[in-house]
């Protein structure tokens, strides 16, 4: 009985060493299992088929840095726009009668009357033309009524 088992083992080894076609034996393809020896063994020898990719991507370290920079840019842009809104609100609230202003459309006139949401501008002295604008249409104050009433200060300059 021992001789029969030994003979079967030798036959099995000779079949795997030389295929029936008479050609040379090729190593098993990666991922395929070999059935020599009665059991299935993976070609890697460990029996696991998991992918163990240990090569880190170049962007793994930069992703948090890029995200932080993006958040900082958004915060700074929001702070800048908030500052501009406050500046514009202060400009519109500081408008008073007899100020010379320019509208968004480019019309320049003198403030005659101020209402809650509208401003009436006098744009022509000869024809007494008055135009009503929304308060938000004022772009800039050219001369204020405070500076119109004052005479320009004359500084003493040394004579040469």
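The values are calculated or read from the model by the stated rules, or taken from the named source; none is laboratory data. In this text the structure is predicted, and so the values were computed from the model without any measurement. As a convention, Cβ positions derive from the backbone with ideal geometry for all residues, glycine included, and neighbour counts pool all protein chains shown.
Annotation note: of 48, 110, 42, 93, the sole residue that is surrounded by 10 or more Cβ atoms within 10 Å (Cβ to Cβ), modelled with pLDDT under 90 and either in contact with a strand residue (DSSP E or B) (Cβ under 8 Å, 6 or more places away or on another chain) or within 30 Å of residue 143 (Cα to Cα) (or both) is 42. Confirm whether residue 121 is over 31 Å from the mean Cα position of the chain (by Cα), within 23 Å of residue 143 (Cβ to Cβ) and assigned to a helix (DSSP H, G or I). Against the criterion (over 31 Å from the mean Cα position of the chain (by Cα), within 23 Å of residue 143 (Cβ to Cβ) and assigned to a helix (DSSP H, G or I)), residue 121 does not qualify. Of the residues making up the range 96-117, just one is touching a helix residue (DSSP H, G or I) at 6+ places or on another chain (Cβ under 6 Å) and part of a strand (DSSP E or B), namely 103.
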